[in-house]
Amino acid sequence: MPDALDASPYDALLLLSFGGPEGPDDVVPFLENVTRGRGIPKERLKEVGQHYFLFGGVSPINDQNRALLDALRKDFAGHGLDLPVYWGNRNWAPYLTDTLREMVRDGRRRILVLATSAYASYSGCRQYRENLADSLAALEVEGLELPKIDKLRHYFNHLGFVEPMTDGVLRSLADLPEEIRDGAHLAFTTHSIPISAADTSGPAGEHGDGGAYVRQHLDVARLIAAGVRERTGVDHPWQLVYQSRSGAPHIPWLEPDICDHLEERHAAGVPAVVMAPIGFVSDHMEVLYDLDTEATARAAELGLPVRRSATVGADPRFAAAVRELVLERAAAESGRAVAPCALGALGASHDLCPVGCCPARAPRPAAAGADSPYA
């Protein structure tokens with residue numbers, strides 16, 4: 001049907017991401033952007049930046065976003081969806097404010113935002129909404145006409161997100177020696193966050209005991225484990241574990257850490273582990289360093305065979321999922337009937353973040369939500 005690809009009332013999609021350095025000279029300025037307001041000395045940032053310097057000072061995230069942009073544009077064009085796609089970052093060029101300014105000058109007035117974070121949390125959702133509000137405030141000072149901005153719902157349980165990750169786990173299992181393959185343990189990893197932030201993730205009704213953040217990851221892990229079981233006939237044991245902790249030692253963060261988990265699984269006699277980074281859309285620095293470098297080195301010390309499965313990245317099925325999410329939201333905004341795609345037990349997430357959803361550490365305006373000052 002021709003109207004099946006009608007994205008109205010929206011006239012553009014904005015890919016909103018974290019950003020990353022693209023050379024050694026970018027590393028410290030990038031980290032200064034990330035930690036702005038925390039008073040961290042430059043010498044400490046140089047120490048933190050060693051992870052980036054191991055890879056030539058280049059984070060893979062920007063190239064991953066370029067690949068995703070290309071995949072989205074090809075998918076949209078191939079299916080007759082006339083919707084331009086822009087890209088803006090929180091912490092590095094192209095900066096969000098610059099991209100929004102470009103979009104306004106191009107005449108875009110109803111903008112949908114795809115954040116490269118699939119789950120509910122302060123840093124994965126509300127902070128991006130705060131960034132949008134900051135950018136809109138800057139454009140308002142410049143006297144520009146402000147667009148109306150909506151954010152696509154969380155897509156952690158969309159088929160186009162889950163299926164590529166399931167295939168990645170299957171490929172990793174197939175890469176293990178046959179004699180240890182069926183006994184392999186699946187370690188589903190995501191970014192650790194403070195327990196207080198996890199407990200208040202998602203709408204207020206979902207707060208407590210890990211909040212929406214933990215429940216959503218557990219739901220995805222169950223889906224992937226079930227998909228692996230269906231395809232192989234093997235019921236692999238699994239656990240949700242965490243990585244990339246970066247906070248003060250006295251503040252409780254989600255555990256267990258992936259390296260501690262590998263040690264525990266090795267002590268329990270597990271013959272191999274597949275590390276599946278379900279919390280990450282692409283292979284950015286936390287994946288390349290914390291899993292491919294640090295965790296893999298620890299496993300080698302233990303003599304524990306490990307494999308790391310692929311993230312979704314620019315998989316065509318993920319690009320198709322974004323198209324479906326765009327059309328789903330456009331239909332809802334236009335009052336047309338819509339049947340959201342959502343696997344697992346949790347159903348489709350809310351379109352509009354309610355008041356109290358993933359509350360801020362300190363009160364700050366946030367766009368694209370029920371509490372937005374830019375309705």
Notebook entry, point to check: Which whole-number percent gives the relative contact order of the range 248-375, counting Cα pairs below 8 Å spaced six or more residues apart?
Noted result: 18
Notebook entry, point to check: Excluding same-chain residues fewer than 8 positions from Lys148, which lysines have a Cα within less than 27 Å of its Cα?
Noted result: Lys74
Notebook entry, point to check: Label 7 Å along Cα→Cβ of Leu352; the range 132-150 residues with amide nitrogen under 14 Å?
Noted result: 149-150
Next item on the list: Express the relative contact order of the chain as a whole percentage, based on alpha carbon pairs under 8 Å and six or more residues apart in sequence.
Entry: 23
Next item on the list: Return the percentage of antiparallel bridges among DSSP beta bridges fully within the chain, rounded to the nearest 5 %.
Entry: 5
Next item on the list: Rank by packing, highest mean first: peptides 126-135, 339-348, with packing defined as the count of other Cβ atoms within 10 Å averaged across residues.
Entry: 126-135, 339-348
Check: Any idea which of Ile149, Met165, Trp87 is furthest toward the positive side of the dipole for the chain, if Lys and Arg beta-carbons carry +1 and Asp and Glu beta-carbons -1?
Finding: Ile149
Next item on the list: Using a cut-off of 12 Å between beta-carbons, work out the net charge of the residues near Pro365 (Lys and Arg +1, Asp and Glu -1, Pro365 not included).
Entry: -1
Next item on the list: Using the 4.7 Å Cβ rule, please list in number order the cysteines from the chain without any candidate partner.
Entry: Cys125, Cys259, Cys341, Cys358
Item checked: For the range 201-223 versus the range 40-97, the gap between their alpha-carbon centres in whole angstrom -> 27
Next item on the list: Could you estimate the translational diffusion coefficient of the range 164-285 from the Stokes-Einstein equation, with Rh from the Kirkwood formula over C-alpha pairs, at 20 °C and 1.002 mPa s, in whole µm²/s?
Entry: 140
Next item on the list: Could I have the simple spin-label model distance between Val141 and Lys74, label points 7 Å from Cα toward Cβ, reported in nm to one decimal?
Entry: 4.1
Note to self: Can you give me the C-alpha center-to-center distance between the range 124-178 and the range 12-35, rounded to a whole angstrom?
What the structure shows: 16
Item checked: Kirkwood Rh and Cα Rg combined as Rg over Rh, evaluated for the range 114-205 -> 1.16
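No value in this document is a laboratory result; all are computed from the given coordinates. Keep in mind that this is a model prediction, so the values were computed, not measured. Please note: Cβ atoms are built from the backbone with ideal geometry, for glycine as well, and neighbour counts cover all protein chains shown.
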